Amino acid sequence: MMKRESISIRIDTARCDGDMACMRVCPTEAIRVRGSKARIIESRCITCGECIRVCQTRAISAVTASFADVSRFDYVVALPSPVLYGQFGRGVTPDRILAALEKGGFDCACDLTLACEAVNAAIEQYVRRYRGPRPLISCFCPTAIRLIQVRYPELLEQVLPIESPKEFMAREIRKTKARELRLREDRIGIVYLTPCPAKMLDIVGHPSKEKSDIDGVIAISDIYRTVLSLLPISGRGEHGERTRMSGVGMSWAILGGQTTFLKPENCLAVDGLRNVVRILNDIEIGKLRDVDYVECHTCPDGCVSGSLLVENPYVARARILGILGQLGTKPCRSERERAELYESEDFVVERRLTAQLQGPLDLDVSRAIGKIRRLEEIRQSLPNINCGACGAPSCAAFAEDVVREEAQLSDCVLLALEQLRSGQTKVWDVPPAEGHSTPDEGKEP
């Protein structure tokens with residue numbers, strides 16, 4: 001199961017009013033609402049941020065870092081997601097945004113687009129040489145990866161084992177700055193500015209690395225006002241026109257950015273949680289074997305719609321496209337140079353992903369079998385309309401909660417009414433499985 005520190009979403013129970021919108025929108029049934037308070041089942045959470053979007057009281061938030069968390073370093077580098085460039089008004093160039101970050105407290109702010117293009121080259125070379133089951137599935141949306149770990153573990157072998165641009169760039173920046181500043185590498189801190197809470201998982205519980213090369217994560221929404229206030233005085237900053245950026249890499253902010261060097265007829269780019277689930281269902285049953293690569297984003301239109309952003313995603317996408325128009329889409333490297341880069345750099349991650357399955361109903365096999373029978377009996381007795389009034393997202397989830405002793409059968413209002421109409425006085429008048437008893441069993445009449 002997922003470790004506690006790998007969950008980057010928290011619920012402020014003081015603010016929570018028991019609204020069930022978060023429970024209904026969760027794709028892995030990881031939220032329960034009981035006693036007018038929501039709670040997260042951490043082993044099921046994929047940190048998609050859907051609950052953050054729908055919470056009207058702002059009781060649900062992302063757990064990210066702060067400047068205080070990185071104060072232990074001698075030199076701190078900001079590494080913003082390319083989507084940051086679409087958060088500000090027309091005419092605000094990436095150079096000015098990077099300069100504003102430096103004026104806001106970072107010792108250096110580095111563009112990520114060249115690293116994105118380098119990883120595109122790695123995708124191209126890996127797909128070309130790959131001989132295993134197809135399609136390969138992109139590994140750069142942490143939410144999609146957690147979804148596969150939780151619901152589609154048999155597809156883990158098809159997940160692309162390539163380093164993400166932010167990890168690749170963080171490693172290179174640390175080495176370069178250590179040489180330039182004559183500092184030990186552990187005295188240089190790298191902070192990623194993230195568009196979504198799922199990226200936090202790559203820091204505290206990286207799925208395919210022992211330790212991330214990034215030391216902290218700050219939500220773009222948390223730093224937005226600071227950057228905005230410093231834009232008027234940032235000018236061109238020390239970056240000026242010397243900041244080399246890649247149009248190919250900039251396209252990572254929107255859907256389709258990872259497939260630049262692949263044949264368009266042999267790859268898919270899928271956005272939105274429901275669409276990703278549909279595609280994974282198709283792959284699971286053996287469809288799409290003629291497709292080489294599937295780029296998955298659980299946010300609509302890619303990272304530009306992350307839940308930790310400020311700007312309207314459609315406006316932000318238009319701004320990103322404007323920047324792409326200025327940068328152009330010509331690669332910074334030729335096909336030969338991309339192949340040489342792949343050979344010279346360590347892009348492939350050796351550590352493989354593992355399934356993150358819900359714990360068994362019981363560690364004792366015989367008891368677990370009995371609980372499975374009991375679960376099915378309870379499920380069949382329920383209305384199976386998934387109304388959510390019990391505090392669980394579905395009747396099947398509620399039945400499991402009852403068997404796990406995390407809920408009572410009497411929490412089902414409809415079952416209670418039906419049994420009262422039929423003359424039963426106890427809501428738990430469902431025949432118990434062998435080895436289980438009702439609450440009144442053993443009491444004196």
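Just give me the residues in segment 28-53 being outside any loop (DSSP other than H, G, I, E, B), touching a helix residue (DSSP H, G or I) at 6+ places or on another chain (Cβ under 9 Å) and over 20 Å from MET200 (Cα atoms), in sequence order.
Residues of segment 28-53 that are outside any loop (DSSP other than H, G, I, E, B), as a first pass: 31-34, 37-40, 50-53.
Still in the running and touching a helix residue (DSSP H, G or I) at 6+ places or on another chain (Cβ under 9 Å): 31-34, 38, 40, 50-53.
Listed by number, the residues that qualify are ARG32, VAL33, ARG34, ALA38.
Within segment 7-27, the set of residues being more than 22 Å from MET200 (Cβ to Cβ) and part of a loop (DSSP other than H, G, I, E, B) comprises ALA14, ASP17, GLY18, ASP19, MET20.
Residues that are over 30 Å from ALA121 (Cβ atoms), under 32 Å from the mean Cα position of the chain (by Cα) and among the polar types (S, T, N, Q) do not occur anywhere in segment 364-376. Within segment 124-144, which residues are part of a helix (DSSP H, G or I) and within 20 Å of the chain's Cα centre (by Cα)? The answer is PRO142, THR143, ALA144.
Just need a number here: residues in segment 17-36 that are touching a residue at least 60 places away in the same chain (Cβ under 8 Å) and within 19 Å of GLY272 (Cβ to Cβ). Don't jump to the end; show me each part of the working.
Narrowing segment 17-36 to residues touching a residue at least 60 places away in the same chain (Cβ under 8 Å): 20, 23-24, 26-29, 31-34.
With the extra rule that they be within 19 Å of GLY272 (Cβ to Cβ), the set shrinks to 24, 26-29.
So the answer is 5.
Which ones in segment 278-309 are in a helix (DSSP H, G or I) and surrounded by fewer than 19 Cβ atoms within 10 Å (Cβ to Cβ)?
The answer is ARG278, ASN281, ASP282, GLU284.
ALA198 falls short on exactly one of the conditions (1) surrounded by 23 or more Cβ atoms within 10 Å (Cβ to Cβ); (2) at pLDDT 90 or above, and that condition is (2).
Does PRO313 satisfy the criteria of being touching a Gly at 6+ places or on another chain (Cβ under 7 Å) and either farther than 21 Å from GLU265 by Cα or surrounded by 12 or more Cβ atoms within 10 Å (Cβ to Cβ) (or both)?
Details: touching a Gly at 6+ places or on another chain (Cβ under 7 Å): no; either farther than 21 Å from GLU265 by Cα or surrounded by 12 or more Cβ atoms within 10 Å (Cβ to Cβ) (or both): yes.
Considered against the rule, which asks whether it is touching a Gly at 6+ places or on another chain (Cβ under 7 Å) and either farther than 21 Å from GLU265 by Cα or surrounded by 12 or more Cβ atoms within 10 Å (Cβ to Cβ) (or both), PRO313 comes out as no.
Could you tell me which of the residues ARG367, ARG317, ARG374 is charged (D, E, K, R), part of a helix (DSSP H, G or I), modelled with pLDDT of 95 or more and farther than 17 Å from THR260 by Cα? Can you show your working first?
Details: ARG367 fails: modelled with pLDDT of 95 or more; ARG374 fails: modelled with pLDDT of 95 or more.
Of the residues listed, the single one that is charged (D, E, K, R), part of a helix (DSSP H, G or I), modelled with pLDDT of 95 or more and farther than 17 Å from THR260 by Cα is ARG317.
Out of ARG333, ARG338, which single residue is assigned to a loop (DSSP other than H, G, I, E, B) and under 30 Å from THR93 (Cβ atoms)? Working first, answer last.
Numbers: ARG338 fails: assigned to a loop (DSSP other than H, G, I, E, B).
It is ARG333.
Is there a residue in segment 287-294 that is touching a Gly at 6+ places or on another chain (Cβ under 9 Å) and of a type in the set (Phe, Trp, Tyr)? No, that holds for no residue.
Let's see how each residue does on (1) in contact with a Ser or Thr (Cβ under 6 Å, 6 or more places away or on another chain); (2) among the basic types (Lys, Arg):
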{"residue": "ASP19", "(1), (2)": "no, no"}
{"residue": "ARG24", "(1), (2)": "no, yes"}
{"residue": "ALA30", "(1), (2)": "no, no"}
{"residue": "ARG39", "(1), (2)": "no, yes"}
{"residue": "CYS45", "(1), (2)": "no, no"}
{"residue": "GLY49", "(1), (2)": "yes, no"}
{"residue": "CYS55", "(1), (2)": "no, no"}
{"residue": "ARG90", "(1), (2)": "no, yes"}
{"residue": "THR93", "(1), (2)": "no, no"}
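The values are calculated or read from the model by the stated rules, or taken from the named source; none is laboratory data. This structure is a prediction, so every number in the text was calculated from the model and none was measured. As a convention, Cβ positions derive from the backbone with ideal geometry for all residues, glycine included, and neighbour counts pool all protein chains shown.
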